[in-house]
Amino acid sequence: QVQLVESGGGLVQPGGSLRLSCAASLDHFSPYTMGWYRQAPGKQRELVASITPGGTTDYPDSLKGEFTISRDNAKNTVYLQMISLKPEDTAVYYCHAKLSFLSYWGQGTQVTVSS
């Protein structure tokens, strides 16, 4: 059974940083495109970062420079480094793995940005 387990969320003050991790129990991690999504209360889930098997990254224009996604194929893990966090970044952050028709989600980790 495939599991994506996120960690690293929590409460952080505005302007602070967090690094999220997602450990994937995939037999073959490296071919998957990995992504981080977030969902704030009352809003739709949105993509915040993705990384292809070859390491190409993509971000919404509004988050470029603030969020950085990376992956360690040897550890079956994808990371999301977040800096300069704002209250509007408060959301549940989800890890996603996609390969062709295969699609897996983690259970999410809460990030709260508040003073």
Given unit charges at Cβ for Lys, Arg (+) and Asp, Glu (-), the dipole magnitude of the chain about its Cα centre in debye, nearest 20, is 60 debye
Set the Förster distance to 35 Å, then compute FRET efficiency between residue 52 and residue 88 from the Cβ-Cβ distance, nearest 0.05.
0.80
Size of the stretch 37-90 along its principal axes in angstrom, Cα-based, largest extent first?
36, 20, 18
Cα centroid separation - the stretch 1-38 against the stretch 98-115, whole Å:
7 Å
Shape metrics for the chain, restricted to C-alpha atoms - Rg then Dmax, Å
13.4, 42
Computed ³J(HN,Hα) along the stretch 81-92: with the Karplus parameters 6.51/-1.76/1.60, θ = phi - 60°, integer Hz and x for glycine or proline, the list is 8, 10, 10, 6, 5, 10, x, 6, 7, 4, 4, 8
Order of exposure, largest accessible area first, which applies to 6, 66 with probe 1.4 Å
66, 6
Share antiparallel - DSSP beta bridges, the chain, percent rounded to 5:
90 percent
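Arrange the residues 58, 27 by how much accessible surface each exposes, largest first, with a 1.4 angstrom probe.
Numbers: 58 85, 27 145 Å².
Highest to lowest solvent-accessible surface, that is 27, 58.
The values are calculated or read from the model by the stated rules, or taken from the named source; none is laboratory data. Fair warning: this is a prediction, and the values are worked out from it, not measured in the lab. In this analysis, Cβ positions are derived from the backbone assuming ideal geometry, glycine residues included, and neighbour counts consider all displayed protein chains. SASA here: full protein model, heavy atoms, side chains in, ligands and nucleic acids out. Shrake-Rupley method; radii C 1.70, N 1.55, O 1.52, S 1.80 Å.
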